[in-house]
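Single-structure report; data block below.
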Amino acid sequence: MKPHSPRSRESLLKLMATPVRRKYFETLRRMLLPQGLISIREEQFFLVLAIAIGILAGFCVVIFRIAIGAARLLLLGGSMHPGFPRVVLVPALMGLAIAVAAVRFFPRVRGSGVNQTKGALYIYDGYISAETVVSKFILSALSIGSGQSLGPEDPALQIGAGLASALGRWLKLSKERLRLMAPVGAAAGLAAAFNAPITAVLFVIEEVIGRWSAGILGAVVLSAISSVVVERWFLGNEPLFRIPQYRLDHAGELIAYAILGVVGGVASLVFVKTIKNLRPWLRRQPQWSQYLQPGVAGLLIGFIAIWYPQVMGAGYEWIDLAMHNRFPWEVLGILAGLKLLATALSFATGTPGGLFAPVLFMGAMLGGSVAMLEQQLFPSIAVPVGAYALVGMGALFAGILRAPMTSVFMILEVSGNYSIILPVIICNTISYVISRSFQEVPLFDLLSRQDGLDLPSLEESPEQAILVVEDAMHPILGRALLGDEAIASARNIVASTQDAHFLVSLGDGRWSVLSRETLLDPASDQGAPVRALVRVRVPRLYQDQSLDVALRFMKDRPMLPVVHRGNLDLLMGVVSVEDILRAYRKAGLAEPERAEVS
Amino acid sequence: MRMSEETANCTICRQPLGENGRCQHCDVETTHTWTIQDWRPLLTLSLLIVMGFSFTSLIVSSYSDKRSALAAEYTAAGIRTMDEWTRGARKNPAPAVDEFEAALVYSHDDFQIQLKLTDALMATGAASEALGQLRALRDQHPGNALVNLKLARLEGRRQHVDEALRYYQNALEGEWPDHTDPVPQRAGVLFEAAEFLLSLGRHKEVEGALRSLAAVLPNSPPEQEKLASLYLRNGNTGRALDIYREQLTIDAKDTTALLGAAQATLAGGSYTAARRYVEEVKPGSAESRELLAKLDRMEALDPFARSATGRIRTERTLAAFRIAAERLAGCGVPFAQALVGNVGSPASANEKDPEQWSGFAKWAEQLSPMMNERKLRGRDDVIESTMRFAFQAEMAAQKDCGNPTQDDEALLFLARERMGVNQ
């Protein structure tokens, strides 16, 4: 393209400067970009934003994972068996440094990040400070990279949520939307960290949002998928561990899996009870000891790692080896026990890092150990170690994190094998039931209560029946007035009752309410249709709509029509505020306070 | 950012919104309408994504390079360890396992490293771990010939014959790396499978494998001679001899073919013909000298040789009887110990079931009075009977009495020549 000469540019500016020409260009701009031609409402923009959040969170998590790897290389070296004294000194010294930073400067980075995100959603209107995101990123990378027995998923969840929160604030989204940004970002962060979008979406619904919400589902799914796309773009399609092939040959094998469910349930209980008791005990210690606790945990983990380096970090590479018969059952059992201890130490001391990966590690080791033991005891039964390790992960996940849906779909998503669903469901259900029977409050709720917060929980939410319009409406005596009938005729109907208000059907599903006074007003024309008296229309209701919707519509209206969905002019009944309150009183839900579970 | 001036419907009741942006019916807050004129946040967001992409690409690229370098470093260390172990410079190959495992952490899906790890595991004696690793590899690459071949070897070592044969078959039908010629690779697998079957004594299946081999092998001497040697070891001396002869038509001085033909002829029962082949080998190799010595021993024990005079025949018959008796005596057969006059020797501790040898005992009882030069002279029937006794005794002892001496071996070859291979 030929560049403009100074002369031609000058003449163009001159042309645009004249008022007539300026008007001409403004018209042209309006024609090309008319207001509203390409316009999106906030909820649609929210979906676009969810994709952007997913992409940006994907970038952050990719860099976060690399940061963990780089920290590990830098601090512990490239070998899978770091030598002594490095293996002891690094986690201990880094633990001390992280404790100083976390206790003194960034107290919000302590813990996994799941409850903090949930707190942001329910307490702080979706606010997570940028400082928290940055410090979580750095301190989690250092703690996991230095060998603390924690995983990257939960911090990634908080990082994603924090990023979304910052974006929402910058875009000045409405308070309601801003609050929803945290779970959208959380799903993106978790999905990229675990490379599993379905798992991330379900986990965020079960553990962060704490209730099923159709309004946010689309945005959560979009952000999770876009972040996984980014993660796979950069880090490739390879899974965190290689999944062995699996086939259920005989239904009798399910009994063997049920045994794993029992073992998983008991192990989950042991872990949760350990955290439940250890964490408050450590917090009760003098303030100065808070600076030492992560360091002491690191020291103990370092000593364990002299013989069993597998307990350090997230441990996905070891899960992979365990799934492929690389350890005898005794070693697998020992590793499960030591990982439980190491993770409890790291987590209870407040070291930043997540539980997701250590729980999977424990499950895989326990599953593999049970499989190999069963192989020895019952040589006739086909016991694939890899499949047991996989199912064991689900069992511990269901038992410890108490996210039953996530635990099932996680294994399906990770394995890509539908045949495993029966063992997974059986094993997870047993583990979940055992855990729930002996430990009423789920781990994350327990942690939030230890922190003095009471956040909503999907598991603890009482099963309340949703009241619908049908529960409150009452049938109308006689008939509704018609918009086309004469006022004189309507007056006959009005005179026959004592009702203060009357519904008027205007046809085509439109309704209105007229008062007795209006209808009996002597000033009105007797021969005119009732329609002539109508000033405002009222919304119609359907029998299956919730009373919440009915209340929103009610405002100061005396009543609302309930019509048939197949015929909008067919009146099924009417609803008033008194009817709604009566229905709530009858259902016993008028009490404001929530039943305390524990 | 600004709101659109145009009106919209309420998201709950779908009825028109009022001027104040609130729904007149359900009183919900009006939502923003974002238009293309809201270009600043969209542009900034797009720029953020572009910048994030560039920065992440940069980080990922440099980290990938670092990981690749580490993978290469650990792989090289593992290969070095294995080499040292193979050469005997290192007793324990276990560090190689750690090194290959570390390499795999940095190059998760590297097929070659995974194969090397299985080799290292096998070297450390961790067969079940190697098997787990190989099975995982096979799950990922079910059609890979190398993986199937390694699995076949491992299962063969574990005496899981059916699995081993299945994996050999898979290896034959599998895919080889792109840069290699699959024909010689498949021939190699067939050779290995034939060797495995031979070790199991499954002669018919060996024949099948060798026939398949013959169909695909090039007509080059090393392959054909290897094929002939397998035929020979499987007892198909005729086919082996045919192949060796064919090779000799290409190169009459081919030492391997000459020696092979000699052995095939010998196994076929003609040591005189075998001698002709051996004598063609010039200059005489260690193998040919050994074979010649064997032929000499056979000739020295053969009373039926054309050149043998009457006295030589009786001497050779007496020698054969003595060798057979000593073989049985060494094996703990009581009557033979009496025959050679060392009753109560240490070998008698391994005494055999007397009933098994009762036929031989009676036979020896009949023959022993005749065992002197004078009585044997001119008695071809006794010479014949004595040699049959010696041959059968040697063959019976071959099953139960351990490795034969060179003389025993010579008698066995003579037995094959006189009595046929299958007896």
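Just so you know, all these numbers are worked out from the coordinates, no wet-lab data involved. Remember, predicted model here, so these are calculated numbers, not experimental data. Positions of Cβ are backbone-derived with ideal geometry, glycine not excepted, and every protein chain shown enters the neighbour counts.
Worth pointing out:
- In chain A, helices alone account for a calculated mean residue ellipticity at 222 nm of -19000 deg cm²/dmol, with every DSSP H run of four or more residues adding -39,500 (n - 2.57).
- Structure note, pairs B:Lys66/B:Lys150; A:Lys118/A:Lys276; B:Lys204/B:Lys226: Cα-Cα distances above 21 angstrom occur for B:Lys66/B:Lys150.
- Between B:Glu175 and B:Asn144, B:Ala145, the built amide H atoms are under 5 Å apart, and every one of these is 5 or more places off in sequence or on another chain.
- The length gained by stretching the chain between B:Glu409 and B:Glu175 to full extension, at 0.36 nm per residue less their Cα-Cα distance, is 79.7 nm.
- Within chain A, the selection of entire DSSP H helices by a Cα span of 27 Å or greater along the long axis and an average Kyte-Doolittle value of at least 0.5 returns A:42-76, A:175-194, A:214-235, A:253-284, A:329-348, A:356-377.
- Per-residue Cβ neighbour counts within 10 Å put A:Phe409, A:Phe234 in the sequence A:Phe409, A:Phe234, beginning with the fewest.
- Square roots of five times the Cα gyration tensor eigenvalues for the stretch A:260-353, Å: 26, 17, 9
- The Rg/Rh ratio of the stretch A:204-336, with Rg taken over Cα atoms and Rh as the Kirkwood radius over Cα pairs, comes to 1.03.
- With θ taken as phi - 60° and the Karplus curve 6.51 cos²θ - 1.76 cosθ + 1.60 applied, the whole-hertz 3J(HN,Hα) list for the stretch B:296-301 is 4, 4, 4, 5, 5, 10 Hz, x standing for glycine and proline.
- Inter-centroid distance (Cα atoms) of the stretch B:92-164 relative to the stretch A:81-102, Å: 35 Å
- Distance from the C-alpha centroid of the stretch B:285-330 to that of the stretch B:207-248: 31 Å, rounded to the whole angstrom.
- Across the stretch B:71-117, the mean sequence separation of Cα contacts (distance under 8 Å, 6 or more residues apart), normalised by length, yields a relative contact order of 43 percent.
- Long-range HN-HN contacts of A:Gln148 with modeled amide H, under 5 Å: A:Gly313
- Size descriptor, Kirkwood hydrodynamic radius, that averages inverse alpha-carbon separations across the stretch B:124-271, Å: 16.4 Å
- For chain A, the residue among A:Pro155, A:Cys60, A:Ser546 whose Cα projects farthest onto the positive side of the dipole built from Cβ charges is A:Cys60.
- Directionally averaged projected area (convex hull, Cα atoms, the stretch B:234-325), nm²: 6.9 nm²
- Two-decimal log10 I(q)/I(0) for the stretch B:140-211, as the Debye equation yields it once each C-alpha is a single scatterer, q = 0.16, 0.20 Å⁻¹: -0.51, -0.77
- Other-chain or far-sequence residues with amide H under 5 Å of A:Gly354's (modelled H): A:Gly151, A:Glu153, A:Asp154
- Taken along the Cα-to-beta-carbon direction at a fixed 7 Å, the label points for B:Ser46 and B:Ser64 span 2.7 nm.
- Straight-distance crosslink candidates among aspartates and glutamates, where the alpha carbon sits under 17 Å from A:Lys136 and sequence neighbours closer than 8 are dropped: A:Glu153, A:Asp154
- Placing one equal scatterer on every Cα of the stretch A:52-177 and applying the Debye formula, the log10 ratio I(q)/I(0) at q = 0.16, 0.18 Å⁻¹ is -0.78, -0.93.
- When the convex hull of its Cα atoms is projected in every direction, mean area for the protein assembly as shown (nm²): 70.1 nm²
- Size estimate for chain A follows the Kirkwood approach: the inverse of mean 1/r over distinct Cα pairs works out to 27.9 Å.
- Taken over the alpha carbons of the stretch A:422-563 as equal point scatterers, the Debye sum produces base-10 log I(q)/I(0) values at 0.11, 0.13, 0.18 Å⁻¹ of -0.60, -0.69, -1.05.
- Here the Karplus relation 6.51 cos²θ - 1.76 cosθ + 1.60, evaluated at θ = phi - 60°, turns the backbone of the stretch B:208-217 into coupling constants of x, 4, 5, 5, 4, 4, 4, 6, 9, 6 Hz, with x for every Gly and Pro.
- When the alpha-carbon atoms of the stretch A:361-506 are used, the pair Rg, Dmax equals 29.8, 94 angstrom.
- Relative contact order %, the stretch A:161-263, counting alpha carbon pairs below 8 Å whose residues are six or more apart: 24 percent
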